[in-house]
Amino acid sequence: MDNMSVLETLENERVKIEVMRYDQLTGSDDPELSFKLFYHYRQGARLKQVKLGLKKGQMKIEAGALHFMKGNVKMETPVKKGLLRNVGTGLLGGESVFKPVYSGVGEVWLEPSFKHYLLADLQGEEIIVDKGMFLACEEQMEVSAVAQKNISSAFFGGEDFFQTRISCMGIGGSGITCTHAGDLGLPIKQRDPTGGRQLCSPASG
C-alpha cells in the first residue's frame, strides 16, 4: 500500500510480523470520525496495523483482533486439554479463553489502532505483560496468567493482581510474539536467562 510504511519487523523461518504505519489518511464520510482522525494526526499520532505473514507457520491471536486475511490461510479454534485451566487463565489474565489459530501461506492483518506495539523474540524465555496486552504469538508458545509476587504492587501501585505470561520455555523452544505496548509506557517485565540479549523491540512511531 502506497500510504503505508514499515515501522518494525521480526521474522523467522515460519512467520513474519510487521508493524505498519499509515502515513496519511484521507478522512471519512463520518464527520465525528474525521474530526478524531484530524485531531490524532495534529498531535503526531499515526494509525498503525499489525501484519502477520505466514510461511507455512501458525499464529494464534487474541479473539476479535482479526481485520482481514488473504492467501491460502485457514482458521481454527482448537480446544486443548485443561479446559478449566484455560478458562481460568483467560479470566484472570484479561485475555480471551479461546484464541483462534491461523495457518498456511498468506497474510493476516489485525485491527488498526493508534496504540503502540512491542515485538519479542523468545528463545527458551518468557515475558510478562500487563493484563489485556496480548495480541498474537506463534502457536507453540504458551499464554497463561501469573499472579503478582509483590501484593503491595497491586494494592498501592495500581497494578492488577494477575498479569499475562507469554513463554517458550521448552528445550530448543523459540517463537516470536506481538503485544500492545500501552499508550505512554511499556509495562513489560522480561525474564532473560541468556544474560543480556535484547528480547523486545518497541514500535512506537
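For this structure, a couple of remarks:
- Annotation note: Cβ proximity below 6 Å between a residue of segment 7-28 that is small (Gly, Ala, Ser) and a residue that is crowded, with 16+ Cβ neighbours inside 10 Å and part of a loop (DSSP other than H, G, I, E, B) (sequence gap 6+ or interchain) occurs for no pair.
- Scanning segment 34-53 for residues that are of a type outside the set (S, T, N, Q) and within 21 Å of residue 66 (Cα to Cα) gives 46, 47, 48, 50, 51, 52, 53.
- Apart from one condition, residue 152 fits all of (1) among the hydroxyl-bearing types (Ser, Thr, Tyr); (2) surrounded by fewer than 18 Cβ atoms within 10 Å (Cβ to Cβ); (3) modelled with pLDDT of 70 or more; the exception is (3).
- Number of residues in segment 105-134 that are touching a helix residue (DSSP H, G or I) at 6+ places or on another chain (Cβ under 9 Å), buried (at least 16 other Cβ atoms within 10 Å of the Cβ) and within 16 Å of residue 46 (Cα to Cα) equals 0.
- The residues in segment 115-131 that are within 14 Å of the chain's Cα centre (by Cα), in contact (Cβ under 8 Å) with a residue 40 or more places away in the chain and assigned to a loop (DSSP other than H, G, I, E, B) can be counted, and the count is 3.
- Filter result for residue 89 (modelled with pLDDT under 80 and surrounded by 14 or more Cβ atoms within 10 Å (Cβ to Cβ)): yes
The values are calculated or read from the model by the stated rules, or taken from the named source; none is laboratory data. Predicted, not measured: the structure shown is a model, and the values here were computed from it. Every residue, glycine among them, receives a Cβ derived from its backbone with ideal geometry; neighbour counts consider all protein chains shown.
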